[in-house]
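Quick notes on the structure that follows.
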Amino acid sequence: MIPHKMNNKLLILAVIGIVLYFSSNVIANLSHDNSLEGELGTPGVTKAAAAEAAARFAKDRLGITVTDTQIVYQTDKYASGYAAKNNLQELYDRDFADKALLDYWLVIVGGPSGNQEARIRVGMDQPVIKAWDTETPLPRIHNDRGQSLAVQALADEGYNPAEWTYAADQTGKAANLFTYTSKTLMLGDAPLAVTIGISGDTVASFLTHFQIPDSYMDWIKSQESLSGKMSTTFLLLTAAMGIVALILAAVNGRKVRWSRGIALTLIFFILYLISNFNAADALLSVEGVDQNARSLTLIIMNIFVVGIALLMALAVWFSLLSGEQQWRKLGSNFWPRWRDREFGEEVFYGMGRGYLLCFFIMGVQQAAFLVAGMAFDSFSINDPAQSTMNMKWAFLFPTAAWVAAIMEEAIYRLFGVALFKRILRYNFPALLITSLIWGLGHTGYTIYPSYTRLIEVALLGLIFGYAFLKYGFITVVFAHAIMDSLLMALYLMMEEPSAANILWGIFYMVLPVLIGYVVRYLHPRFGGPKQRRRDAPPAPPFPPEPRLIGLE
């Protein structure tokens, strides 16, 4: 029988977090500030319906007999960001959803030769097709003849050519691409534009888009540059921490138990590979890799992923080894071993504390999003690279929660806090520095301004840090994994709400509970109590066990 105990302090924090979460959402809805929520939701057009519409269009309009299709979700990044930043989503939905697609299915169709022959954009709410391009070579054509054919193409698509202005190109009188901008159709200060490719006497491409103002493009480019610099700083600092962890493990080699953390590192390594391989094939389609080079590119990408996975796994392992060793020097034990009689209880109660901490942290995060949106005009852009619709096996998406939890809590809490505490002597500066480094690693997401993401994640890092010091490593790994699992599972169930995905989402939500109960059941039977008497001292050359953190 497992004795269930409730941590009243964490229960109060969990209730506060739940109140913060729902009240922040209510305030955001009342103020129409959902700029960090994302606008995609569940597509009204399935992949199968998009493929059927694209195949029909390719046959009827382009004369292509389709033998193969690849389908990925894509977005017009800059136009989506412009609409989000300037609160133009309702205007877009009303006037432009059937003219220029911000989010769309990109259907890559192949013909009898086996090569890509056309890339067709299909709407995600209605199967409209307003943009396509083919692999047809575009020989240079006289400007007057090209304009005549382009104007006819505009008329064929239902537009009045008199309401469009030709944007003269800089290639002289012989060209093959002709761009027109609308005089009347404006998304804010961004006119609707069409770029038409002419091949001989036929229209080879017809791409609708918005001409985004230079002021926004300059701003977003500066944000991307800032994000790149912060991400580079994060990688350099994290690499430096990994090298320090390796050096400390080597210097203290006789005091380090080298088998420590191998199981956790292997779990991280396997899940990391699964998460990356799950998205690799779709990423190739998004980037438009030529079919002939696809297999070779995929092989190179997989080799690269395995190499990165090995480096990250080594960083996790050395962080686990050196982190524990440094804390033992400081007289604390934040991570019990399997042979310790407290291990099963620590995992079980760490799971429970993890859920309560998760609810509190989710509430704080939602409140931070609200403040960022209202005070800093923050907004987010849908990111195809993070979408379950671009994954080979969508149901595996939430496994990434445990990848992040194991890696980040090992590097930035167990090792990072110990490292900077030994240097700076005090908890707060150690927690602050590691939280800022951790926050820098999250600025590459499509949330702008980029610095708001740094502030938000650093704040959450401080909470994780204090929870680590109070309750130990196992608790914060659970809290981190539970939080990410809940968010990812909800995302999976809302974006692709099939019966199977709903069941998988529920499974990931309760998986930490299963882990806690299974370990608590198995440990007394295969762990410390039967292998080591309660009063037996630890085997030399290790010092007496420091105080164990976290048991209630």
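The values are calculated or read from the model by the stated rules, or taken from the named source; none is laboratory data. Being a predicted model, the structure only gives us computed values, none of them experimental. Ideal geometry is used to build each Cβ from the backbone, glycine not excepted, and the neighbour counts take in all protein chains shown. Keep in mind that these areas ignore ligands, DNA and RNA; they rest on the heavy atoms of the full protein, side chains included. Shrake-Rupley method; radii C 1.70, N 1.55, O 1.52, S 1.80 Å.
Observations on the structure shown:
- Per-region count, the stretch 89-123, residues modelled with pLDDT of 90 or more, crowded, with 19+ Cβ neighbours inside 10 Å and either touching a Cys at 6+ places or on another chain (Cβ under 7 Å) or not charged (D, E, K, R) (or both): 12
- Candidate set: the stretch 127-154, residues that are outside any helix (DSSP H, G or I) and among the hydrophobic types (A, V, I, L, M, F, W, C); chosen: the one most open to solvent (accessible area, probe 1.4 Å): Leu138
- Of all residues in the stretch 387-431 being more than 21 Å from Ile506 (Cβ to Cβ), surrounded by 24 or more Cβ atoms within 10 Å (Cβ to Cβ) and among the aromatic types (Phe, Trp, Tyr), the one that is farthest from the chain's Cα centre (by Cα): Phe415
- Qualifying positions in the stretch 189-218 - hydroxyl-bearing (Ser, Thr, Tyr), open to solvent by 40 Å² or more (accessible area, probe 1.4 Å) and in a strand (DSSP E or B): Thr202
- One residue alone among Ile267, Ile300 is over 30 Å from Ser80 (Cα atoms), in a helix (DSSP H, G or I) and modelled with pLDDT of 95 or more, and that residue is Ile267.
- Hits in the stretch 249-266 (condition: touching a residue at least 12 places away in the same chain (Cβ under 8 Å) and either open to solvent by less than 40 Å² (accessible area, probe 1.4 Å) or of a type in the set (Gly, Ala, Ser) (or both)): Ala249, Asn252, Val256, Arg260, Gly261, Thr265
- The residue that is farthest from Leu185 (Cα to Cα), counting only those in the stretch 125-164 that are in contact (Cβ under 8 Å) with a residue 60 or more places away in the chain and among the hydrophobic types (A, V, I, L, M, F, W, C), is Leu138.
- The number of residues in the stretch 325-347 being over 23 Å from Val251 (Cα atoms) and open to solvent by 40 Å² or more (accessible area, probe 1.4 Å) comes to 5.
- Residue ID - farthest from Arg328 (Cα to Cα), chosen from residues in the stretch 383-419 that are acidic (Asp, Glu) and either modelled with pLDDT of 90 or more or in contact with an Asp or Glu (Cβ under 7 Å, 6 or more places away or on another chain) (or both): Glu408
- Tabulated pairs, the stretch 316-341, first free of Cβ contacts under 8 Å to residues at least 12 places away in the same chain and over 9 Å from Gly261 (Cβ atoms), second assigned to a loop (DSSP other than H, G, I, E, B) and open to solvent by less than 20 Å² (accessible area, probe 1.4 Å), C-beta under 6 angstrom, 6+ apart or interchain: none
- Evaluating Ile361 against the criteria (1) touching a residue at least 12 places away in the same chain (Cβ under 8 Å); (2) open to solvent by 10 Å² or more (accessible area, probe 1.4 Å); (3) among the hydrophobic types (A, V, I, L, M, F, W, C) leaves one unmet condition, (2).
- Taken together, the residues in the stretch 491-531 that are part of a helix (DSSP H, G or I), within 30 Å of Pro384 (Cβ to Cβ) and open to solvent by less than 70 Å² (accessible area, probe 1.4 Å) amount to 12.
- Pick from the stretch 50-88, criterion hydroxyl-bearing (Ser, Thr, Tyr) and within 24 Å of the chain's Cα centre (by Cα), ranking: most open to solvent (accessible area, probe 1.4 Å): Tyr78
- Meets criteria (at pLDDT 95 or above and polar (S, T, N, Q)) for Thr475: yes
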